[in-house]
Amino acid sequence: MNTTILRKSVLGIAGLAFAGGLAAGPLHHTTTDTGSVDARPVAAAQADKTADGGKLIPHGVQGAQSRIDLDAEQTANAKAIIAATKKTGLDERAAVISIGTALQESKLQNLGHLGDRNDHDSLGLFQQRPSSGWGSPEQITDPQYATTAFLKGLRQVDGWQDMALTDAAQTVQVSAYPDAYAQWEQQAADLVTQHWNNS
C-alpha cells in the first residue's frame, strides 16, 4: 500500500477518534443470526493449552470468554487473516488480535452492507468504513486487504505487542464498546494455534 493510502487510513482513524465515531461498529445492534454464543467463563490458565500460550495470550484472557461454532466460510476467513498476517511479517500475537477483532466485529463473516441494520457504511470482516479512509467497498470486503489495513493501523499503535487484546483492538477500531473484544481472545488464540502452520 502506498503512503498516500496509508496516510488516508491513519487520518481516517484519527478523525474517528476525535469525532467519537466508529471505525468498525460492533454488531450488537443487528438482528443477524451469526450463530450461538456461549459466554462460559474460561480460566486464564487455559491459555497454556495453546502451542505457546505466553506468546499468544501474554496477559491471560480478560473476563468471561465467548465462543461460536464456525462454518467453512468463517474458518476460511480466519485462515485468510492468518495468511495476511504472515505475509506482512507479523507474528502469531498479531493474528490473535486480528482474529479476535474480526470475531467481535463480524463473527468472521465477510459482511456486505446490512441496510438499516448496518452501522454507518461498515463492511467486511473488520467492519471498516469506506467513508473513513479504510478503502473502497471492494477492497475492504477482500479479507487479505482488510486484514492488511487493520494491521497497518495496529502497527501505528505504540507498544501494541504488550497490550491486552481489547486495548490494542480498540485503539485501531475506536468502537463504542471498547471492552467487547476481550471475550474472543481464547477462541482467537485457539484458531491461530490450529491454523498458523497450514495457512
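The values are calculated or read from the model by the stated rules, or taken from the named source; none is laboratory data. The model shown is predicted, which means the values in this text are computed figures rather than measured ones. Positions of Cβ are generated from backbone atoms using ideal geometry, with glycine treated the same way; all protein chains shown enter the neighbour counts. Ligands, DNA and RNA are excluded from the accessible area calculation, which covers all protein heavy atoms including side chains. Shrake-Rupley method; radii C 1.70, N 1.55, O 1.52, S 1.80 Å.
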The stretch 162-199: chymotrypsin sites (Phe, Trp or Tyr not before Pro) in DSSP loop, at most 16 other beta carbons within 10 Å | none
In a shell of Cβ-Cβ distance under 13 Å around residue 199, excluding residue 199 itself, what net charge do Lys and Arg (+1) and Asp and Glu (-1) give?
-> +2
Amide H within-cut-off set for residue 128, under 5 Å, with H built and near neighbours excluded | 123
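Given a 1.4 Å probe and every protein chain left where it sits, what share in percent of the accessible area of the stretch 125-199 is carbon and sulfur?
In the stretch 125-199, the share of accessible area belonging to carbon and sulfur is 44 percent.
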May I ask for the net charge around residue 155, where only other residues with Cβ less than 13 Å from the Cβ of residue 155 are counted and Lys, Arg are +1 while Asp, Glu are -1?
-> 0
Contour excess over end-to-end distance, with Cα ends at residue 55 and residue 179 and 0.36 nm allotted per residue | 42.5 nm
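Assuming R0 = 30 Å, what is the FRET efficiency of residue 162 and residue 75, from their Cβ-Cβ distance, to the nearest 0.05?
The calculated FRET efficiency here is 0.55.
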